[in-house]
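A short worksheet on the structure shown next.
Quick note: the coordinates plus some simple rules give every number you see, no bench work behind them. Predicted, not measured: the structure shown is a model, and the values here were computed from it. Ideal geometry is used to build each Cβ from the backbone, glycine not excepted, and the neighbour counts take in all protein chains shown.
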Amino acid sequence: MRQAGRYLPEYQKLRDKHSLKELFTNSDLATAVTLMPIQQIGFDAAILFSDILILSLSMGLSLEFIEGSGPVVSPQIQNKGDILRLKNEIEQLGFVKQTIVNLKKELKVPLIGFCGGPFTVASYLIGDLKKTKKWIYEDPDSFELLLDKISDLSCQYLQSQIDAGVDAIQIFDSWAGFLSEDLLKRFSFNFIKKICAKITKVPIIIFMRNSCFYAKELSSLGCKAISCDWFLDLSHIRKQVGNQVALQGNFDPDFLYGSKEKILEMTLDLQHKMKGDKGWIVNLGHGIKPDTDVEKVKWFVQIIQQEK
Ligand code: CP3
């Protein structure tokens, strides 16, 4: 996550010239940014350079990325009428398809496409988690209507990414893990399950913050892999979920602040614990921090590739 991004000096240079939205919506720029970490660091898979909120452009909404505070969608969705007015214009996202077509010509490693989890996308459309929780308790049925709309659109969007050539899909339901268990099941898992049932041509990886604590439930939603955060030992999660799904993760992104010796020690330690596990995809448990030293990222990838 954030495989391309601010920790790469070349990315920073492009960001000085172009807005974030321009990088996401211009296929040539998005292609170049996706390729950067593959060419410079040599990861074993690429993730499309886009954002989960790009989907809002197909709903007739406007999207801005505010420096330091993240994406803002407008106008905010405030009631059932606003939900009913949302458009379904997936063809507006043709630039994403074009980026994928470009990338498939260049890449020798698999390409991961993605979308947001309906709950997480809904919370950005509404504004924030606080407003979203208020809506859930005031009017759960209309909130489900919003999730249904987002799920339908997400399926069309994922299908268009698959048609253009992505090899796998990751669903990022970042904020869902902050719900209580009953709300989580009703407003997140149910909708991810529907998406997994419809998108069957490529493997699906599910990401959620706090995923460690729900690994078993996540493994039954129809996905092929779970992206795990670092709060529990990965070998422990393997015991809970059995061998039905692959596990992705789960180094703490901050561990790349450590010395090279420490990074080596911690990487070998997890490799030792996961020895023989055929379904382990080495990754961080969340995005690379912008002030991470690129040399440390290269070092980490080298260790993994040597030990393969
Ligand atoms: O490399 C990749 O991971 C692929 C591209 C990608 C981005 N965002 C690019 C991006 C992916 C998969 C995402 C997903 C995303 N976007 C999520 C889910 C994953 C997660 O991080 O929990 C969420 C919640 C968003 C919404 C979003 N976009 C936020 C909160 C921010 C601000 C974060 C920040 O660090 O400033 C963004 C902007 C964003 N999306 C950046 C990148 C590389 C930062 C780019 C920059 O400032 O130059």
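Side notes on the structure shown:
- Within straight-line cross-link reach of LYS275, aspartates and glutamates at Cα separation under 16 Å, skipping those fewer than 8 residues along the same chain: ASP233, GLU265, GLU307
- The angle between the Cα long axis of helix 94-106 and the main principal axis of the chain comes to about 20°, on a 0 to 90 degree scale.
- Segment 131-198 gives an Rg/Rh value of 1.02, both radii derived from C-alpha positions and Rh following Kirkwood.
- P(r) histogram, all alpha-carbon pairs of segment 1-50 included - 10 Å bins from 0, percent: 28, 62, 11
- Under the Debye formula (equal points on every Cα, no solvent term), log10 I(q)/I(0) of segment 65-139 at q = 0.11 Å⁻¹: -0.44
- Listed peptides 281-288, 70-77 by packing density, highest first (mean Cβ within 10 Å): 281-288, 70-77
- On Cα atoms only, tilt of 129-138 relative to the major axis of the chain in degrees: 40
- Base-10 log of normalised Debye intensity for the chain (one unit scatterer per alpha-carbon) at q = 0.10, 0.11, 0.14 Å⁻¹: -0.55, -0.67, -1.12
- Percent RCO, i.e. relative contact order, over the chain, from Cα pairs under 8 Å lying at least 6 residues apart: 16
- More than 23 angstrom apart: percent of Cα pairs within segment 1-120: 33
- Hull-based mean projected area of segment 166-308, where the convex hull spans the alpha carbons, in square nanometres: 8.9
- Selection among THR99, ILE136, MET59 by position relative to the dipole of segment 1-150 gives THR99 as farthest towards the positive end (Cβ unit charges, Cα centre).
- Under a 5 Å amide H cut-off, with hydrogens placed 1.01 Å from N, ILE47 pairs with ILE112 among residues at least 5 apart or on other chains.
- Per DSSP, loop trypsin sites (Lys or Arg not before Pro) in segment 112-150 with at most 10 further Cβ within 10 Å: none
- Over the chain, DSSP H runs of length four or greater, each weighted -39,500 (n - 2.57), average out per residue to a 222 nm ellipticity of -14000 deg cm²/dmol.
- Dimensions (Å) - segment 97-175, Cα atoms, principal axes, largest first: 49, 19, 16
- Beta bridges from DSSP with both residues in the chain: antiparallel share about 20 percent, rounded to the nearest 5.
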